[in-house]
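Asker: Starting off with a structure, shown below.
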């Protein structure tokens, strides 16, 4: 018969004690502390199917009209195009979301939140301007008279529904459908809507900023 080794027994006893202590930690040492769950990263600009279709439509129509030049480096052109398309999808989506979640709600709110209006219209102007200069299909010669908006706070109640209408009209343009017809007039209309979005957003932004300063000084 083999004799038990006292050293092995002693090591086993130490291991059991340590295991018991570790098992007891969550109920003792860490009691009352909450572990922060690890959240999976979320892409804030996941493209919706509609925004993706709009980008594909303007790109295809621009190619048909010869508005997009072919690069000597196809790989570099594809890389740049992917970056531009991703930004364009985000801009289309943000125009829609800002309109639905902020402009429309402010239009019917009992009192206006000038900080929200200031931030929202600044974002709208920046994104609409980027769309204007990054989409060849919308770069058309417009000899018509430009719409001007007066910086009058008394007109703000009517400006918000007009801005919402312009955004809806622009995003709903047939130009963004692949089966669009000979679309010179449609391109001009979409371009005008976009220009008005930029101008009206800027006007509302200035009124909102000025109103915020007046309210803070009282």
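What follows is calculated from the coordinates using simple rules that are stated; it is not laboratory data. None of these values were measured; they are calculated from a predicted model. Ideal geometry is used to build each Cβ from the backbone, glycine not excepted, and the neighbour counts take in all protein chains shown.
Asker: For the range 83-218, what does the relative contact order come out to in percent, with C-alpha contacts under 8 Å and a separation of six or more?
Answerer: 38 percent
Asker: Hey, fewest Cβ within 10 Å first, where do 119, 195 land in order?
Answerer: Fewest-to-most ranking of 119, 195: 119, 195.
Asker: Note the full-extension length gain between residue 184 and residue 105 as 0.36 nm times their separation in residues minus their Cα-Cα distance, in nm to one decimal.
Answerer: 25.0 nm
Asker: Among 204, 214, 167, what is the fewest-to-most ranking by other Cβ atoms within 10 Å?
Answerer: By the 10 Å Cβ count, ascending: 214, 167, 204.
Asker: Now a separate question. Let me make sure I get this right: for the range 49-217, a, b and c are the square roots of the gyration tensor eigenvalues over alpha carbons, sorted descending. Under 1.5 in a/c it's rounded, otherwise prolate if a/b > b/c, else oblate. Which is it?
Answerer: Cα axes put the range 49-217 in the prolate bin.
Asker: Quick one: if you stick a label point 7 Å off each Cα along the C-beta vector at residue 48 and residue 155, how many nm between them?
Answerer: About 3.1 nm separates the two model spin labels.
Asker: How far is it, in nm, from the label point at residue 83 to the one at residue 147 when both lie 7 Å from their Cα along the line to the Cβ?
Answerer: For residue 83 paired with residue 147, the spin-label model returns 3.4 nm.
Asker: I need 134, 111 ordered by Cβ neighbour count within 10 Å, fewest first.
Answerer: Ranked by crowding around the Cβ, least crowded first: 111, 134.
Asker: Would you please put 137-147, 56-66 in order of how densely packed they are, using the mean number of other Cβ atoms within 10 angstrom per residue and starting with the highest?
Answerer: My ranking of the peptides, most packed first, is 56-66, 137-147.
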